[in-house]
Amino acid sequence: KADMAMYKAKEQGRSSYHFFDHEMEQSMNDKMQLENGIRRALENKQFFLVYQPKVCPNTGATIGFEALVRWEHHEIGLIPPARFIPLAEASGMILDIDMWVFREACRQSKKWQERGFPLLPVAINLSAKHFDQRNLVENIVDILRDTRIDPHLVVIEITESVFIRQMESVIEMLSELQALGIEISIDDFGTGYSSLSQLQRLPVSIVKLDRTFIKDAEHDERKSAVVRAVIELAHSMGLRVVAEGIETEEERTFFAGLHCDELQGYYFSKPLRSEQFERYIRSEMRSLPFQRRGAEA
Ligand code: C2E
Ligand code: MG
Ligand code: MG
Ligand code: MG
């Protein structure tokens, strides 16, 4: 891609060559700075987690939550994952980031459980890069042991990009994780190359429909037909279905009506810092005692 830009710039003459050259150099510098920054951020504890509720479609009660990483850079401020995750994946730093996230999410969950919060599964995102590695399962076993979290209260979210990897070893690793009690969820479903039938090859129990499926589905007949078929097929395969990116009351009603098992999105709550998430759960424990007991029974 860079070569193409260079080639085009050359074609257009020397002045534009210099222009492109300089811009590319600048973006290379930015990249390297960001990469070095990521390394330092891990050492200097500039990463933190936010938590977004997953709710019961009928009662709105929280039935789980997802941990999402945030980077607070001392000069730049908050850097969104969309900006640094791709770089971290390219440089391999994602392996360390994700293991830090995994440990921190388990530590925080266990702490909440010990303080009498409801027993909510925590979902943690893992880059597909981990599945090129041999020691993923070992690392996770260490974290489970150190934090003493019940593996049945841990969900791993991976994207369809695991399908372009060494499938035998992906299946083996996911099976080992599942045998520990961890649930596997396919994130952003519908944006990648896989189909539901391919999911049958993996020890997966949850699919998360991507927001692109959710947006305007209730007004778009073709989209809603596809979504309905996907949800029905997923259910017939024994998979639970999560709709992510629910932003409006209409979307909530529509996807609850299609019997999604869990809903997640700004309509219920944005991802919250740990203190805010605590407050969210506490106020819910006061206002929804009946539904909560019902949900846990
Ligand atoms: P994701 O795992 O699919 O997470 C959902 C993203 O959608 C989050 O963005 C969340 O804040 C956002 N979201 C939630 N509800 C709504 C909604 O109603 N509307 C819209 N438009 N967006 C909503 P975020 O936190 O910026 O994360 C973006 C992506 O970065 C994640 O997508 C995930 O792929 C990646 N990511 C985040 N944390 C981690 C991590 O710890 N490890 C890895 N490997 N990836 C992570
Ligand atoms: Mg996710
Ligand atoms: Mg997603
Ligand atoms: Mg995503």
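Remarks
- The condition (being open to solvent by less than 10 Å² (accessible area, probe 1.4 Å), within 16 Å of ligand 3 (Cβ to nearest atom) and of a type outside the set (D, E)) is satisfied by just one residue among I158, I140: I158.
- Residue in the range 66-76 that is closer than 29 Å to N36 by Cα, among the small types (G, A, S) and not in a strand (DSSP E or B) present: no
- Comparison of L202, L196, L180 shows that the only residue that is over 27 Å from D150 (Cβ atoms) and away from ligand 2 (no atom under 16 Å from the Cβ) is L196.
- Checking each residue in the range 53-77 for being open to solvent by 20 Å² or more (accessible area, probe 1.4 Å), under 22 Å from R103 (Cβ atoms) and not basic (K, R) picks out L68, E72, H73.
- Looking only at the range 92-129, and only at residues there that are closer than 15 Å to L49 by Cβ and in a loop (DSSP other than H, G, I, E, B), the one that is nearest to ligand 4 (Cβ to nearest atom): L126
- Count of the range 223-245 residues which are away from ligand 2 (no atom under 16 Å from the Cβ) and without any contact (Cβ under 8 Å) to a residue 40 or more places away in the chain: 14
- In the set E176, E168, only one residue is farther than 14 Å from D98 by Cα, part of a helix (DSSP H, G or I) and in contact with a helix residue (DSSP H, G or I) (Cβ under 6 Å, 6 or more places away or on another chain); that residue is E176.
- Considering N135, N125, the condition of being modelled with pLDDT of 95 or more, among the polar types (S, T, N, Q) and more than 16 Å from ligand 3 (Cβ to nearest atom) is satisfied by N135 alone.
- Entry remark, the range 166-178: residues being surrounded by 15 or more Cβ atoms within 10 Å (Cβ to Cβ) and farther than 14 Å from I206 by Cα number 5 in total.
The values are calculated or read from the model by the stated rules, or taken from the named source; none is laboratory data. Small disclaimer: the values here were computed from a predicted structure and weren't measured. Reconstructed Cβ throughout: ideal geometry from the backbone, glycine too, with neighbour counts over all protein chains shown. To get the accessible areas, we keep the full protein, side chains included, count just its heavy atoms, and leave off ligands, DNA and RNA. Shrake-Rupley method; radii C 1.70, N 1.55, O 1.52, S 1.80 Å.
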